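> The structure follows.
The values are calculated or read from the model by the stated rules, or taken from the named source; none is laboratory data. Please read all numbers here as calculations on a predicted model, not as lab measurements. Cβ sites come from the backbone with ideal geometry, for glycine too, and all protein chains shown count toward neighbours. Note: areas computed on protein heavy atoms with side chains; ligands, DNA, RNA excluded. Shrake-Rupley method; radii C 1.70, N 1.55, O 1.52, S 1.80 Å.
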Amino acid sequence: MVPVGADQKQHIEICRKIASRFNRRYGDIFTIPFAMIDDVGSKIMGFRTPYKKMSKSDQDSNNIVRILDNSELIKRKIKSACTDSEDPPQILFNVEKKSGISNLINIFSSLTDLSISETENRFFGKNYSYFKSSICKILIEKLERIQKKFFYIRKQEKFLKKVLKEGSGHARIIAEKTMERVLSAIGLEKIF
């Protein structure tokens, strides 16, 4: 099982096809990957363009949240996120009619243990400002934990180099064994 977002499914599918075709022809060599895509949060859209997926390569930095964004920047980005002009505002999930608020519901649900409908119920009768503040609070809390660990580990240069060296060595051993099996299966083990 490979945890991916909805937009990465095609990459897993091509790996599945290649591995399956090879295995049918040469025996059980490759593990067949399966995409593991959550119902909630598998496709997060941009804050200002809720019809386009959020992307780190987006030219508009206000359209995305980066893992290392500080709390004030996160608040500013979420508070400027697209919603709709419905009066009174309703926090309801409807991607076609309310893409901006649906995106924010998706984000909130992915950060909590609440389903989409539970999120709608929790914020029933609340305004968009209140909902956005709630998203800010939970997102900042989650990211601050990640950032704290990131900055702590980043300072541990010897530890990081050790992990990289051990990890690459371990990966190399696994890859070499797999390649030996591949070359043997197709009759090229003597050449290399």
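> On the Cα set of the stretch 11-69, report Rg and Dmax in Å, please.
Radius of gyration, then largest Cα-Cα span, for the stretch 11-69: 17.7, 50 Å.
> Right, next: Charges only on Cβ, +1 for Lys and Arg, -1 for Asp and Glu: so what's the dipole of the stretch 47-192 about the Cα centre, in debye to the nearest 20?
Roughly 760 debye, rounded to the nearest 20.
> Counting other C-beta atoms within 10 Å, and keeping those with at most 16, which DSSP coil GluC sites (Glu not before Pro) do you find in the stretch 74-130?
Qualifying residues, ordered by number: Glu86, Glu96.
> Separate question: Residues with amide H under 5 Å of Met45's amide H, sequence separation 5 or more or different chain, H placed in the peptide plane at 1.01 Å from N; which?
Sorted by chain and number, the residues that satisfy this are Met54.
> Whole-Hz ³J(HN,Hα) for each residue in the stretch 33-40, computed from phi via Karplus 6.51 cos²θ - 1.76 cosθ + 1.60 with θ = phi - 60°, x for glycine and proline: what do you get?
For the stretch 33-40, the Karplus-derived couplings read x, 10, 6, 10, 10, 5, 5, 10 Hz, x marking Gly and Pro.
> Something else: Count neighbours as other Cβ atoms within 10 Å of each site's Cβ, and list the trypsin sites (Lys or Arg not before Pro) in the stretch 76-181 that are DSSP loop with at most 15 such neighbours. Mind showing how you got there, number by number?
On the way: sites: Arg76, Lys77, Lys79, Lys97, Lys98, Arg122, Lys126, Lys132, Lys137, Lys142, Arg145, Lys148, Lys149, Arg154, Lys155, Lys158, Lys161, Lys162, Lys165, Arg172, Lys177, Arg181; in loops: Lys97, Lys98, Lys126, Lys155.
Hits after loop and neighbour filter: Lys97, Lys126, Lys155.
> Now for a separate question. Can you pull out the chymotrypsin sites (Phe, Trp or Tyr not before Pro) in the stretch 47-115 whose DSSP state is coil and whose Cβ has at most 13 other Cβ atoms within 10 Å? Don't skip to the end; give the middle numbers.
Numbers: sites: Phe47, Tyr51, Phe93, Phe108; in loops: Phe47, Tyr51, Phe93.
For chymotrypsin sites (Phe, Trp or Tyr not before Pro) across the stretch 47-115 that sit outside H, G, I, E and B with at most 13 neighbouring Cβ atoms in 10 Å, the list reads Tyr51.
> Using alpha carbons only, how many degrees (0 to 90, rounded to 10) separate the axis of helix 157-185 from the longest principal axis of the chain?
Between the helix axis and the principal axis of the chain, the angle is about 50 degrees.
> Just to confirm, what accessible area per residue do you get for the stretch 1-144 at 1.4 Å probe, in whole Å²?
Numbers: 8930 Å² over 144 residues.
That works out to 62 Å² per residue.
> Given axes a ≥ b ≥ c from the Cα gyration tensor, I'd like to know whether the stretch 111-192 is rounded (a/c under 1.5), prolate (a/b larger than b/c) or oblate.
oblate
> Here is a further query. Are any of the pairs Lys43/Lys142; Lys126/Lys148; Lys97/Lys132; Lys75/Lys155 more than 25 Å apart by Cα-Cα distance, and if so, which?
From the list (Lys43/Lys142; Lys126/Lys148; Lys97/Lys132; Lys75/Lys155), the Cα-Cα distance tops 25 Å for Lys126/Lys148; Lys75/Lys155.
> Same structure again: If you average the sequence gap of Cα pairs under 8 Å that are 6 or more apart and divide by the length of the chain, what percent do you get for the contact order? Please report the intermediate quantities before stating the final value.
On the way: 194 pairs, mean separation 32.9, N = 192.
Contact order relative to length: 17 percent.
> With unit charges on the beta carbons (Lys and Arg positive, Asp and Glu negative) and the dipole taken about the Cα centre of the stretch 22-83, which residue among Ile44, Thr83, Thr31 sits farthest to the positive side?
Positive-end residue among those listed: Thr83.
> Taking the 0 to 90 degree range and rounding to the nearest ten, how far is the long axis of helix 128-154 tilted relative to the main principal axis of the chain, both from C-alpha atoms?
40
> Give me the percent of the accessible area of the chain that comes from carbon and sulfur atoms, probe 1.4 Å, all protein chains in place.
Answer for the chain: carbon and sulfur cover 55 percent of the accessible area.
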